[in-house]
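Quick note: the coordinates plus some simple rules give every number you see, no bench work behind them. These numbers were taken from a predicted model, which means no experiment stands behind them. Cβ placement follows ideal geometry from the backbone for every residue including glycine, while neighbour counts extend to all protein chains displayed.
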Amino acid sequence: MIIYLTIFFCLLIPIFLFLRRSSKKRQLPPGSLGFPLIGQSLSLLRAMRTNTAEQWAQQRIRNYGAISKLTLFGKPTVFIGGQSGNKLIFSGDCAVVSNQQNESLRAILGERNLLELIGEDHKRVRNALVSFLKPECLKEYVGKMDEEIRSHIRMHWHCKQEVTVLPLMKTLTFNIVCSLLFGLEQGTRRERMIECFRVMISGVWSIPINLPFTRYNQSRRASRKIQEMLKELLDEKRVELEEKGGSSHQDLITCLLSIRNEENELVLSEKEIVHNIMLVLVAGFDTSSVLITFMMRNLANNPTVYAAVLQEQEEIARSKKCGELLNWEDLAKMKYTWRVALETLRLVAPIFGGFRKAMNDIQFGGYLIPKGWQIFWTSPVTHLDDTIFREPSKFDPDRFKNPASIPPYCFLGFGSGPRICPGNEFARVETLVTIHYLITQFTWKLLLDDHFIRDPMPTPTKGMPIKIWPRSQSFMAV
Ligand code: HEM
């Protein structure tokens with residue numbers, strides 16, 4: 001009898017262990033889904049508006065670990081943080097995790113924008129965008145960007161004692177995008193577009209409730225107006241290209257209108273061009289303006305870093321003839337300044353996080369991410385992890401001196417993997433050229449405390465007013 005019982009219990013143990021393992025495999029991550037549809041959306045949006053989104057993300061990790069469930073913007077969601085979670089999201093197997101933005105973003109930008117596309121469609125459209133945004137092509141535009149930035153400084157900075165940085169940087173980066181990417185020169189059309197654009201962008205991270213008074217509804221209406229303007233612009237470019245024989249690389253729109261495959265067919269449909277121009281407008285305008293604004297804030301708050309950037313930029317300025325435009329080789333010398341930009345992105349990433357979709361049931365960290373669920377990643381989880389970046393709250397551009405010292409999937413300023421930001425070189429050029437002219441021509445001091453919120457981009461309260469002195473007089477004024 002004792003022998004039978006012993007055998008019985010011996011058999012029972014592996015069965016029990018197997019059942020425990022398989023039930024854990026089917027176990028959803030910890031956390032509550034909250035109130036249907038709304039879930040934790042309001043608490044995330046509130047955290048963003050009160051500049052506590054980093055703490056919001058870190059608190060979730062403390063409460064539940066690297067993976068937890070919640071409801072965001074109408075969908076059941078799994079929140080993932082940390083290096084291995086980022087690897088799952090960014091390593092690029094779209095049969096497992098595919099891109100999916102929130103409902104609002106899709107409705108506002110259009111369903112054929114790159115963020116919504118996967119597999120071959122994603123490759124085709126991305127390659128088309130990169131054919132204009134790649135360094136070989138951008139090299140040719142440094143001079144044009146230089147002229148746009150100098151003219152902005154002449155118009156908005158010279159002879160001023162105080163300026164408000166964020167709105168000026170938004171004007172500058174919008175004008176750069178309009179001129180270099182859309183070939184849309186200054187005038188009423190640009191003005192109309194920027195008005196609609198401001199309304200449109202305010203709704204990209206909103207709860208998708210389509211009622212006349214909601215942000216989402218206003219944003220969708222503004223998006224329709226911008227799409228109409230873009231279609232008009234496309235028609236003009238097409239005529240210019242076909243009838244007047246314009247250059248296919250004069251701007252991004254003309255470039256996208258001209259790309260053909262081996263069968264001489266257009267690679268992108270008109271809808272794809274419009275939806276992706278909308279994406280580039282959103283992706284390329286707010287992000288760069290925020291980066292430049294926060295770089296100026298960090299330079300004002302860190303005199304040693306400021307002095308090092310000034311020295312680097314003055315050396316370049318001294319090597320140029322009076323009035324000579326910056327070129328690609330000059331940008332390659334701005335190594336320290338770019339490290340300051342990367343450190344700024346680490347501490348205040350313009351893109352706080354984003355969404356993906358589980359294409360199949362996924363096992364991660366001992367839990368199940370069910371097929372079809374939304375996955376939410378955020379950058380501060382690794383950016384502020386002291387096991388990855390020592391003394392994470394310290395502003396130290398030298399962390400980026402040796403890029404190989406930063407573990408993979410930990411710095412997400414421009415994302416990672418096959419969806420890494422295709423505009424990163426474009427952003428590098430506009431940031432470096434802008435900082436070059438600002439730091440060699442002005443000294444500045446913040447006028448208010450430098451508190452900021454996320455809306456959804458980091459936004460300094462009052463837009464960051466500063467006092468400025470022209471450099472030649474700065475020594476007298478300080
Ligand atoms: C400082 C400036 C910028 C920052 C910090 C930034 C950041 C990012 C990040 C983090 C992503 C990845 C999002 C994800 O994986 O879900 C991304 C994607 C993207 N960015 Fe940027 N970006 C910047 C400037 C630009 C510019 C100037 C352009 C266009 C000219 C641009 C176009 C795009 C596009 C089209 C994507 C989607 C790529 C894809 O899904 O394959 N970005 N950006």
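Check which residues have an amide H placed less than 5 Å from Arg454's amide H, if you skip close sequence neighbours.
Those lying under 5 Å, H to H, from Arg454 are Arg49, Thr50, Asn51, Thr459.
Calculate one ³J(HN,Hα) per residue across the range 116-132 by plugging θ = phi - 60° into the Karplus curve 6.51 cos²θ - 1.76 cosθ + 1.60, and present them in order as whole Hz with x for glycine and proline.
8, 8, 10, x, 5, 4, 4, 4, 4, 6, 4, 4, 5, 5, 5, 4, 9
Taking 35 Å as R0, compute the FRET efficiency from the Cβ-Cβ separation of Thr440 and Lys123 and round it to 0.05.
Details: r = 41 Å, r/R0 = 1.18.
E between Thr440 and Lys123, to the nearest 0.05, is 0.25.
If contacts are Cα pairs under 8 angstrom and at least 6 residues apart, what is the relative contact order of the chain in percent?
Once divided by the residue count of the chain, the mean separation gives 24 percent.
Take peptides 209-219, 128-138, 193-203, 335-345 and line them up by average Cβ neighbours within 10 Å, highest first, as a rough protection proxy.
Ranking the peptides 209-219, 128-138, 193-203, 335-345 by packing returns 335-345, 193-203, 128-138, 209-219.
In the structure shown, do any of Lys144/Lys271; Lys231/Lys320; Lys75/Lys401; Lys134/Lys335 have a Cα-Cα gap over 31 Å, and if so which?
Distance filter (> 31 Å) returns Lys231/Lys320; Lys75/Lys401.
At a 10 angstrom cut-off on C-beta neighbours, averaged per residue, how do the peptides 107-118, 428-439, 253-264, 346-357 rank from highest to lowest?
Peptide ranking by packing, descending: 428-439, 346-357, 107-118, 253-264.
Check cross-link reach from Lys371 to the aspartates and glutamates: straight Cα distance under 20 Å, and skip same-chain residues fewer than eight apart.
Output for Lys371: Asp93, Glu103, Glu116, Asp361.
Relative to the longest principal axis of the chain, what angle (0 to 90°, nearest 10) does the C-alpha long axis of helix 53-64 take?
Taking Cα atoms only, the helix is inclined about 10 degrees.
Lys237: which aspartates and glutamates have alpha carbons under 14 Å from its alpha carbon, excluding same-chain residues fewer than 8 sequence positions away?
Cross-link targets: Glu185, Asp251, Glu270.
Which residues' amide hydrogens lie under 5 Å from the amide hydrogen of Leu368, considering only partners 5 or more residues apart or on another chain, with H built in the peptide plane?
It is Gln27, Leu28, by chain and number.
At 222 nm, what helix-only mean residue ellipticity would the chain give, in deg cm²/dmol to the nearest 500, using -39500 (n - 2.57) for each DSSP H run of four or more?
-16500 deg cm²/dmol
Taking the chain as the reference, fit the longest principal axis to its C-alpha atoms, fit the long axis of helix 165-176 to the helix C-alpha atoms, and give the angle between the two in degrees, 0 to 90, nearest 10.
Long axis of 165-176 versus the principal axis of the chain: about 80 degrees.
What percent antiparallel are the DSSP beta bridges of the chain, to the nearest 5?
DSSP beta bridges in the chain are roughly 90 percent antiparallel.
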